[in-house]
1. Would you mind finding the longest exposed-site-free stretch of chain B, with exposed GluC sites (Glu not before Pro) meaning DSSP loop and at most 11 other Cβ atoms within 10 Å?
2. Only sites in a loop by DSSP and with at most 12 other Cβ atoms within 10 Å count here; which chymotrypsin sites (Phe, Trp or Tyr not before Pro) in region A:1-91 make the cut?
3. Count charges around residue B:85 for me, please; just the other residues with Cβ under 13 Å from its Cβ, Lys/Arg as +1, Asp/Glu as -1.
4. Step through the residues of region B:351-366 one at a time and calculate ³J(HN,Hα) from phi using the Karplus curve (6.51 cos²θ - 1.76 cosθ + 1.60, θ = phi - 60°), rounding each to whole Hz and writing x for Gly and Pro.
5. Cα gyration tensor of region A:56-120, axes a ≥ b ≥ c as square roots of the eigenvalues: rounded (a/c below 1.5), prolate (a/b > b/c) or oblate?
6. Just tell me how shielded B:164-174 is by partners: mean number of partner chain Cβ atoms within 10 Å of each residue's Cβ, no decimals.
7. When the helix-only estimate is applied to chain B (DSSP H runs of n ≥ 4, each -39,500 (n - 2.57), divided by the residue count), what is the mean residue ellipticity at 222 nm, nearest 500 deg cm²/dmol?
8. Which of the trypsin sites (Lys or Arg not before Pro) found in region B:114-155 are loop residues per DSSP with 15 or fewer other Cβ atoms within 10 Å of their Cβ?
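Where a number appears in this text, it was derived from the coordinates with a stated rule and is not lab data. Small disclaimer: the values here were computed from a predicted structure and weren't measured. So basically every Cβ, Gly included, is an ideal-geometry build from the backbone, and we count neighbours across all protein chains shown.
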Amino acid sequence: MSDTKVIMALFKDPDAVANSLDKLRAEGISDHDMVVISGVPYPAQVLGRPMVWEKLPWISLTGAAIGFMTGIFLNAGTPLLYPIHVGGQALIPIPPTAVLTYELTMMGLIISTFLGVLWESAFPSFGPKYYDPALTHGRIGILFQCPTQNEDELQEMLKAQGAERVYHPERRPL
Amino acid sequence: MSSESAAQNPSLVWPEEEDHSEHLLLDPRPVEEMHGILLDAMQRTGRGFWILVSFLGSLVLIGLVGAWGFQIRWGMGVAGIRRPVFWGLYITNFVFWIGISHSGTFISAILRIFKAEFRRPITRASELMTTFSLLVAGMYPLIHLGRTWRFYWMVPYPNQRQLWPNFHSPLMWDMLAIFTYLIGSTLYLFLPLIPDLAMARDHTKGWRQKLYRIFSLGWRGTEAEWHHLKLAITIFAFAIVPVMFSVHTIVSWDFGMTMKVGWSSSIFGPYFVTGAIFSGVSAVITVLLLVRKSMKLDYFLRAEHFDSLGKLILVFSFAWTYFFFADYLTEWYGGEAVGQQLLTLQARGPVAPLWYLMLVCNIAIPWLTLWNRRVRRSTVGLFVVTLGVNVGMYIERYIIVTGFLTRNRLPFDWGVYNPTIVEVLISIGSLSAFILFYALASRIIPLVPVWEVREGQISHTLRRIGRAMVPSVADLD
């Protein structure tokens, strides 16, 4: 790690960011070593970044399945634990069971989706990170690490691509 | 070419090119300025604001501490509910506030799914209404319970006799549906708020910065964070819409599942949901007009947004009228004796003035005014119409809940219902609590999702087609 440097380049224009990412790739910086930070979401295809396999839908589905099973237990399981037969009615009637099972399935889906976002994004995380408040003011940042010997050359290239500022960022608590 | 044609034929007049800068998404300003407008509005708390807060706080104390405490001390006898009207103002308020809670989800989730671009600056303010109105609505079953402390009997755990709650009761469905909706809408409010909280964290100081730091969870705005957030918002949007429909449908089933004439109706589900969206969106407009005026958010909240929302109100007024008439006609045509009594009660009985006022507020005024673009864009006009709609919708719930209970199949058991001062004070207290929560939250929570507005501004451009400059939208999703 001692022979690498972390560099932040701030841009105004997404086109310049996409071009700079291409140039950085051509210089041997892998997508894994680059992070784009912005105050507005730019889809991966806009910046020419690789699509990321997303676990969130599976986490949501797992939560929905847990909610569904909880619904089945409460509606169908608890009457069996303490059966009360009333007026010849079914002990486990299907229509009311469907209503509550549906609600609990949705609750499981919603809670697990929220927890999934926290898990996937490693939130909350207040420790020091490379960041610049200018990023919330409309700038787009490319944060990357590169070999020390390439640093000057890459800085020049990024400025030529339209970077407003290229610098060594500091880790700051968020 | 156009001027030549016009010269040859004087009756041909080319319209002046539209000024597109009236559209927020075609009128971008520097990001610093947009953040400044919002943060300044949040930090502006003058004497008038604190007088309002003190006044509302006093009403909350009188209603929700004094009057409710009095009822808990002396029992439900202090309320006006007695045979045959056992559901009074509390259940009316419950249904009304659940209806208001449909505002946020409808505007935010449904319009997001359909990519209605005008939603962008108004989603947060309406989602906040959903959360607070659900909190107020959730209070009413507790108030109506009388022995509020026995609420835990509804919680699904076996008591010492190994007895579980009856999950097949519509009242149990209510509790779980409201919890699901409250959790869902609160998380749906919070998730898109994170980037704006991070923005506020970066540009405030003192206690605000500490607060925003905690709730922004360490957000930086990396691609991965945005990707997870956007995906989660999409999942939420699709999940919360059916939950929204289910909540008010289940509330309607509290009535529909009974054997009571006037209530036992298969149309009550969609009728209640339509009414809820009608009143919810109207309430959003009322609140947005007040927010724009009091917080000076004219840049974000523009005539175009109220114009679009006004059209929605008109459409939902049509839809509500359709369901109302379908329900009314079925009862009228059926000719069942008690049903006829209910119709007479509305048309010529003690509730007739309220019933006609409801028809005026929900049908006549919206139909006569909202077709007009100038009314939809007028602050005063739209404020009066939307406030009227909520008066009308409250009356509708009051008549369905309390009016219908005064008549049943046993004429000796007919009665009247007059709410007591305790019920009225609790109702005023809860309304004040809603306004108070909203007023305080408006000074802490960024009411406009600036990142969504900026995202919209990036994807909107003017494109020349033929001789006209036409707004066009790039689908960035």
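1. Working: sites that count: B:16, B:17.
Looking at chain B, B:18-477 is the longest stretch - no exposed GluC sites (Glu not before Pro) with at most 11 other Cβ atoms within 10 Å.
2. Those that pass, being in a loop and sparsely packed, are A:53.
3. Details: positive: B:82, B:83, B:260, B:407; negative: B:413, B:423.
Summing Lys and Arg as +1 and Asp and Glu as -1 gives +2.
4. Once θ is set to phi - 60°, the couplings for region B:351-366 become 8, 4, x, 5, 4, 5, 4, 4, 5, 5, 5, 8, 10, 4, 5, x Hz.
5. On the way: a/c = 4.63, a/b = 3.21, b/c = 1.44.
The shape class here is prolate.
6. Values: counts 7, 2, 5, 14, 13, 1, 2, 0, 5, 5, 0.
Partner-chain Cβ atoms within 10 Å, mean over residues of B:164-174: 5.
7. Details: 20 runs with 295 residues, N = 477.
So the helix-based figure for chain B works out to -20000 deg cm²/dmol.
8. Details: sites: B:115, B:119, B:124, B:147, B:150; in loops: B:115, B:147.
Loop-located and lightly packed - B:115, B:147.
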